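One structure is given below, encoded as structure tokens.
The values are calculated or read from the model by the stated rules, or taken from the named source; none is laboratory data. Quick caveat, the model's predicted, so the values are computed rather than measured. So basically every Cβ, Gly included, is an ideal-geometry build from the backbone, and we count neighbours across all protein chains shown.
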């Protein structure tokens, strides 16, 4: 699990350190910089998966092209250094990016490794570090190999263990996926296609569902709890095409998913991403879109259940007060503990995004209240009372 994010000079985020737990909620006004928290991890993942590309390539997220380094560096300060890093229980990893060069820092226990690299970086450098008096670490910035200075069965076994620990830190991002705003299925039938490192298109997600025999049943189990629907795939005999079907269990009428309401449609996409094999940390943009309040509440409970049962972590951007209050209600009901939730208010102060943690307690109360939502309600209430006052004068 990712325990902390460090972001500097990325879009409107000047410098922020964000402690993470199991379920992490980012809420606040429109254009305050909430999604930048999620996008930063995908930029870093792009760097780790393929550092041998131009700097602007890291900012193409697949579902969204952010426009390159110049477009994303804070305040368009082109000579600034953009930093994105994360911590796990096993260590830390950080990349500092400039136009044509970068710096990588990785930490494990008392060992800190640092490498200056060119961009693009073809992984053609080797940096050596001592690990105590017994081991040497050979590291290219992404992959490490620990070698004992005096080989023996014991030191070689220890070296293998250290190598695994070091390499597990950057590979944490292999288990990160994002569910963007642009989601859903818009065709009645699909055939298997190529799946990229960061699959987001409907054909890629359809292919993932088709190729994993256990995925559709998992989706169906959750969608039944959320909205009393059954989800299945159907392959006509003698074909290589697959239909996605959804059935309202109250009337036992199957239809193609594309003919169902978009709220249900996007939930199938969302659940496919969540249950995708090997994925542990899921970034979600506004899971509440096109959903009835009752369904939002059921979705929150399902996400809590998935967190508990499958050891998943969520980073969620939302504009839904009901989504947040449903999560707080779950604390009161003892479905989740306060320490398993991080709630962040994201605001814009001038050019800069400010991310403020709001503590929750066992009564589901939020320190300082849900400020962004409350301010909107107070504005409406003020208009209502002023209009009533004017009417009384007449």
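If I ask for residues that are farther than 30 Å from residue 297 by Cβ and assigned to a loop (DSSP other than H, G, I, E, B), which ones from the stretch 171-191 would you list?
Here is the first cut: in the stretch 171-191, the ones farther than 30 Å from residue 297 by Cβ are 171-174, 187-191.
Passing the criteria: 187, 188, 191.
Looking at (1) under 30 Å from residue 194 (Cα atoms); (2) touching a strand residue (DSSP E or B) at 6+ places or on another chain (Cβ under 7 Å), find the lone condition where residue 56 falls short.
(2)
I'm told residue 284 meets every condition in (1) without any contact (Cβ under 8 Å) to a residue 40 or more places away in the chain; (2) crowded, with 21+ Cβ neighbours inside 10 Å except one. Can you identify the failing condition by its number?
That leaves (1) as the condition not met.
Out of 261, 238, which single residue is over 19 Å from the mean Cα position of the chain (by Cα), in contact (Cβ under 8 Å) with a residue 24 or more places away in the chain and not assigned by the TED database to the domain that holds residue 1?
Details: 238 fails: in contact (Cβ under 8 Å) with a residue 24 or more places away in the chain.
Answer to the selection: 261.
Looking only at the stretch 6-39, which residues are over 24 Å from residue 278 (Cβ atoms) and assigned to a loop (DSSP other than H, G, I, E, B)?
11, 12, 28, 29, 30, 31, 32, 33
Let's see how each residue does on (1) under 28 Å from residue 274 (Cα atoms); (2) not in a strand (DSSP E or B):
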| site | (1), (2) |
| --- | --- |
| 4 | yes, no |
| 41 | yes, yes |
| 48 | yes, yes |
| 53 | no, yes |
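What residue, among those in the stretch 112-136 that are in contact with a helix residue (DSSP H, G or I) (Cβ under 7 Å, 6 or more places away or on another chain) and in a strand (DSSP E or B), is surrounded by the most Cβ atoms within 10 Å (Cβ to Cβ)?
From the stretch 112-136, those in contact with a helix residue (DSSP H, G or I) (Cβ under 7 Å, 6 or more places away or on another chain) are 119, 131, 134-135; that's our starting set.
If we keep only those that are in a strand (DSSP E or B) as well, we get 131, 135.
On the way: 131: 22, 135: 19.
Residue satisfying both the conditions and the ranking: 131.
If we keep just the residues of the stretch 318-338 that are in contact with a helix residue (DSSP H, G or I) (Cβ under 6 Å, 6 or more places away or on another chain) and outside any loop (DSSP other than H, G, I, E, B), which is surrounded by the most Cβ atoms within 10 Å (Cβ to Cβ)?
327
Could you say whether any residue in the stretch 36-58 is on the phi > 0 side of the Ramachandran plot and over 19 Å from the mean Cα position of the chain (by Cα)? Steps first, please.
So the first thing to find is which residues in the stretch 36-58 are on the phi > 0 side of the Ramachandran plot, and the list is none.
Scanning the stretch 36-58, I find no residue that is on the phi > 0 side of the Ramachandran plot and over 19 Å from the mean Cα position of the chain (by Cα), so the answer is no.
I'm trying to understand the selection: among the residues of the stretch 290-317, which are surrounded by fewer than 17 Cβ atoms within 10 Å (Cβ to Cβ) and not in a helix (DSSP H, G or I)?
The answer is 290, 292, 311.
Only one of 299, 315 is assigned by the TED database to the domain that holds residue 64, within 19 Å of residue 359 (Cβ to Cβ), at pLDDT 95 or above and touching a helix residue (DSSP H, G or I) at 6+ places or on another chain (Cβ under 7 Å); which?
On the way: 299 fails: within 19 Å of residue 359 (Cβ to Cβ).
None of the others qualify; the one that does is 315.
If you go through the stretch 66-80 one residue at a time, do you hit one that is surrounded by fewer than 17 Cβ atoms within 10 Å (Cβ to Cβ), assigned by the TED database to the domain that holds residue 319, in contact (Cβ under 8 Å) with a residue 24 or more places away in the chain and part of a strand (DSSP E or B)?
Checked the stretch 66-80: no residue is surrounded by fewer than 17 Cβ atoms within 10 Å (Cβ to Cβ), assigned by the TED database to the domain that holds residue 319, in contact (Cβ under 8 Å) with a residue 24 or more places away in the chain and part of a strand (DSSP E or B).
Out of all the residues in the stretch 13-32, is one or more crowded, with 20+ Cβ neighbours inside 10 Å and more than 30 Å from residue 331 (Cα to Cα)?
Scanning the stretch 13-32 turns up at least one residue that is crowded, with 20+ Cβ neighbours inside 10 Å and more than 30 Å from residue 331 (Cα to Cα).
Quick check on the stretch 373-390. Is at least one of its residues outside any helix (DSSP H, G or I), more than 17 Å from residue 222 (Cβ to Cβ) and at pLDDT below 95?
Just the residues of the stretch 373-390 that are outside any helix (DSSP H, G or I), to begin with: none.
Within the stretch 373-390, none of the residues are outside any helix (DSSP H, G or I), more than 17 Å from residue 222 (Cβ to Cβ) and at pLDDT below 95.
For the stretch 192-270, which fully contained strands (runs of 3 or more DSSP E) count at least 2 residues that are under 29 Å from residue 307 (Cβ atoms) and at pLDDT below 95? Steps first, answer last, please.
Numbers: elements: 229-234, 242-248, 253-256.
Strands (runs of 3 or more DSSP E) meeting the threshold: none at all.
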